[in-house]
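Chemist: Here you go, one structure.
Values in this text are rule-based calculations from the coordinates and carry no lab data. Note that this is a predicted model, so its numbers are computed, not measured. A quick note on method: Cβ atoms are made from the backbone with ideal geometry, for glycine too, and the neighbour counts reach across all protein chains shown.
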Amino acid sequence: MKSVCVYCGSSPGNRPEYAQAARALGKALVENDMSLVYGGGKVGLMGVVADAVLEHGGTAIGIIPDALMQKEVGHRGLTELHVVRNMHERKQMMADRADAFIAMPGGVGTFEELFETFTWLQLGYHAKPVGLLNVAGFYDGMLGFLSHAVQEGFLKQVHADLLHVAGTPAALLTKLTDAPRVRVDKWQERRDET
């Protein structure tokens, strides 16, 4: 695993633990010789994790749509900054450049990126591990809802288990590094059951 795509908030959040975790994740990526791939922003947790990677001598690769670059939220001090036409290109390039994915606390954009990547894994479009950095219990409600979806028959437990969860960057990176790279075929499983 040489590069990790990090999804996180363009805001810092209300708790100091969020920025602390972003700094710790940036440092842990460098210590594990992994590059950061992220949305290219200089604001919020996005900027914190990128600055931590750069501060510790690592590689930070940002990918940002032109419309957001025009609003001057792009981080101009990165190792690489790619300005693309739209969000679809951004997400595809981020996915292509990453060997694994981590979602930190964030808003609807972070949720959307996480669930798209998680869906791609469930459908077998990639075999890259997906992780959730559950800082200060931020994702407890979402994890409870995923359990509810399993109980209600809309999500198989085997697929829910593809989402690796930890409370610290070091623990999550270990889980992602150790995760098997198995391509899931949700539809084949369904045919096998009938």
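Chemist: Would you list which lysines come within 21 Å of K42, measuring only between C-alpha atoms, while excluding same-chain residues fewer than 8 positions from it?
Modeler: K27, K71, K91
Chemist: In nanometres, what is the gap between the two model label sites at A127 and A149, each 7 Å from Cα along Cα-to-Cβ?
Modeler: 2.4
Chemist: How do R23, R183 rank when sorted from fewest to most other Cβ atoms within 10 Å of their own Cβ? Could you put the intermediate results ahead of the total?
Modeler: Details: R23 19, R183 10.
Placing the least packed residue first, the sequence is R183, R23.
Chemist: Quote the relative contact order of the chain in percent (integer), defining contacts as alpha-carbon pairs under 8 Å separated by 6+ residues.
Modeler: Working: 357 pairs, mean separation 41.7, N = 194.
Over the chain, the number comes to 21 percent.
Chemist: Stretch H82-F111 to full length: gain in nm at 0.36 nm per residue minus the Cα-Cα span? Display every interim value, and only then the final one.
Modeler: Details: separation 29, 0.36 × 29 = 10.44 nm, distance 2.23 nm.
Roughly 8.2 nm would be gained on extension.
Chemist: Okay, moving on. Grab the eigenvalues of the alpha-carbon gyration tensor for the range 3-193, scale each by 5, take roots, and send me the semi-axes largest first in whole angstrom. It would help to have the intermediate numbers written out before the result.
Modeler: Working: eigenvalues 149, 65, 50 Å².
Here the semi-axes work out to 27, 18, 16 Å.
Chemist: Now a separate question. Out of all DSSP beta bridges with both ends in the chain, state the antiparallel percent to the nearest 5.
Modeler: Details: 1 of 23 bridges.
Here the share of antiparallel DSSP bridges comes out near 5 percent.
Chemist: Treat every Asp and Glu Cβ in the chain as -1 and every Lys and Arg Cβ as +1, leave all other atoms uncharged, and give the resulting dipole magnitude about the Cα centre to the nearest 20 debye. Write down the numbers at each step before the final one.
Modeler: Values: 19 positive and 22 negative charges, 43 e Å.
Rounded to the nearest 20 debye, it is 200 debye.
Chemist: Starting from the Cα of E31, step 7 Å along the direction of its Cβ; do the same at D140; then give the gap between the two resulting points in nm.
Modeler: 2.6
Chemist: To continue, here is another question. Report the residues of the range 110-137 in range of a label on D161: point 7 Å along Cα→C-beta, backbone N strictly under 16 Å from it.
Modeler: 122, 130
Chemist: Next question, about the same structure. Which whole-angstrom value gives the distance between the alpha carbon centres of the range 1-69 and the range 105-165?
Modeler: 20
Chemist: Students often check this: by mean Cβ neighbours within 10 Å, which of 157-168, 58-69 ranks highest, and how do the rest follow? Let's see the in-between values first.
Modeler: On the way: 157-168: 15.8, 58-69: 20.0.
Averaged packing, sorted descending, gives the order 58-69, 157-168.
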